[in-house]
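The values are calculated or read from the model by the stated rules, or taken from the named source; none is laboratory data. A quick note: this is a predicted structure, and the numbers were derived from the prediction, not measured. Neighbour counts are summed over all protein chains in view; Cβ atoms, including those assigned to glycine, are modelled from backbone coordinates with ideal geometry. Heads up: the accessible areas ignore ligands, DNA and RNA and are worked out on the full protein's heavy atoms, side chains in. Shrake-Rupley method; radii C 1.70, N 1.55, O 1.52, S 1.80 Å.
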Amino acid sequence: MTTEISLPITTAADIPRDVRWEELASCSTVDPELFFPDNTRESAEAVEVCKQCPVQEQCLAWAMERGENRFGVIGGLTAKERRALNRGKGLGRKAGEAAAICREAREDILRWREEEMPMEQIARRLGVASRTVRVALEKFALESELEQQDMGAAA
């Protein structure tokens, strides 16, 4: 595999200088060719490197912000998975499956929102579309409101 690809993995102007997240990336010590595989089976090894990476979220956010969804494994997702996430399909999950993930993570989602974590970041953590997180939060708010009304009626 000798295809040369000129996609910049880092851009110094985008990151404040203290320590850039790229300097902490697990992929910085691995052959870059690993992240541009010929097929899905080969991409599994790159995804495994990403799963162990301490800056996987920053890497994926970088890729999504710049529309890097044509080539390779970045931030633990293949180009196809990043395109699906970008289209709001939540990594190809069915709507019911994504909603169930949000229901199971209700306490975490509410805590993350209290901590002012962006919905896009929550969605990436859960592997669902940000629209799914938004709908889940609306349902959580409605459920909370109904619970309060029930308690008021019982008193």
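Annotation: Leu110 carries an accessible surface of approximately 60 Å², with a 1.4 Å probe and no ligand, DNA or RNA atoms counted. For the pair Glu104 and Glu143, a Förster radius of 22 Å applied to the C-beta separation gives a FRET efficiency near 0.90, rounded to the nearest 0.05. Put Glu145, Glu57, Glu22, Glu107 in order of accessible area, highest first, and with a 1.4 Å probe you get Glu107, Glu145, Glu57, Glu22. Accessible area ranking (1.4 Å probe, heavy atoms, ligands and nucleic acids excluded), largest first, for Asp108, Asp38: Asp38, Asp108.
For Glu57 and Asp38 in the same chain, what is the full-extension length gain: residue separation times 0.36 nm, less their Cα-Cα distance, in nm?
4.4 nm
Run the 1.4 Å probe and let me know the accessible area of Val135, rounded to the nearest 10 Å². Accessible surface of Val135 is approximately 50 Å².
The length gained on full extension between Arg111 and Glu97, counted as 0.36 nm times the residue separation minus their Cα-Cα distance, comes to 2.9 nm. Using R₀ = 25 Å, calculate the FRET efficiency as 1/(1 + (r/R₀)^6) where r is the Cβ-Cβ separation of Glu120 and Met151; round to 0.05. It comes out at approximately 0.15. Taking 0.36 nm per residue of separation and subtracting the Cα-Cα distance, full extension of the segment from Val30 to Glu45 would add 4.3 nm. Exposure check, 1.4 Å probe, all protein chains in place: Ser130 carries approximately 40 Å² of accessible surface.
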